[in-house]
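Report on the following structure.
The values are calculated or read from the model by the stated rules, or taken from the named source; none is laboratory data. Fair warning: this is a prediction, and the values are worked out from it, not measured in the lab. Backbone-built Cβ (ideal geometry, glycine too); neighbour counts: all protein chains shown.
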């Protein structure tokens, strides 16, 4: 191994260690209670060394969010590439989403407590590299492209009947799932409501979504004629 290659590996390993230390701090203490100084102390680095890798806290946090989101998008792409019918892919995608929401606490802390676009703008305004927001936006585009491909498969195979553009239907689906996680995670249900299981609710919603997509208005028109 050459000197340059070894230095690059060492740099990548240190960057990884910084991200893991920061992830632990954010989850343990909360997003708004963690500073670059605290992250440097956790990673056993001088503050100046930390700034060689991330110019500000927002850039570091976005790197973590993008890293976690990559896991979800890759799993959804795997589901989309499988041989299941479109309706089954939706259910398997929701299972993947539930697993991700359960295992990746930091991602949903950010999604529910932070204005992500403001964070991206703030990081960029301080001179951070352009990739701060680009990777996050790219991952979002990949996620919506996956959902659109599943919906399109359903339409092409005669399973789904859409009255709105595929992109709008995909957005509604994502909003439904994320909204449910936010409400249940933050205990926003009215008083005295029964305790709800997140996985069961998400799958129930997916089933309702599938039934709505499977509604064929032409069949109703035919039935009315007779």
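Name every residue in the range 55-97 that is touching a residue at least 60 places away in the same chain (Cβ under 8 Å) and not in a helix (DSSP H, G or I), in order of residue number. Result: 55, 56, 85.
One line per residue, one yes/no per condition, for (1) touching a helix residue (DSSP H, G or I) at 6+ places or on another chain (Cβ under 8 Å); (2) surrounded by fewer than 15 Cβ atoms within 10 Å (Cβ to Cβ); (3) at pLDDT 90 or above:
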| site | (1), (2), (3) |
| --- | --- |
| 96 | yes, no, yes |
| 100 | yes, no, yes |
| 110 | yes, no, no |
| 113 | yes, yes, no |
| 127 | no, yes, no |
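Here residue 15 does not fit the description of being part of a loop (DSSP other than H, G, I, E, B) and surrounded by 13 or more Cβ atoms within 10 Å (Cβ to Cβ).
When you look at residue 44, is it surrounded by fewer than 13 Cβ atoms within 10 Å (Cβ to Cβ) and not in a helix (DSSP H, G or I), yes or no? Taking the combined requirement at face value, the residue satisfies it. Can you find a residue in the range 82-92 that is at pLDDT 90 or above and within 17 Å of residue 178 (Cβ to Cβ)? Looking through the range 82-92, at least one residue is at pLDDT 90 or above and within 17 Å of residue 178 (Cβ to Cβ).
In the condition set (1) more than 21 Å from residue 112 (Cα to Cα); (2) touching a residue at least 40 places away in the same chain (Cβ under 8 Å), residue 48 is compliant with all but (2).
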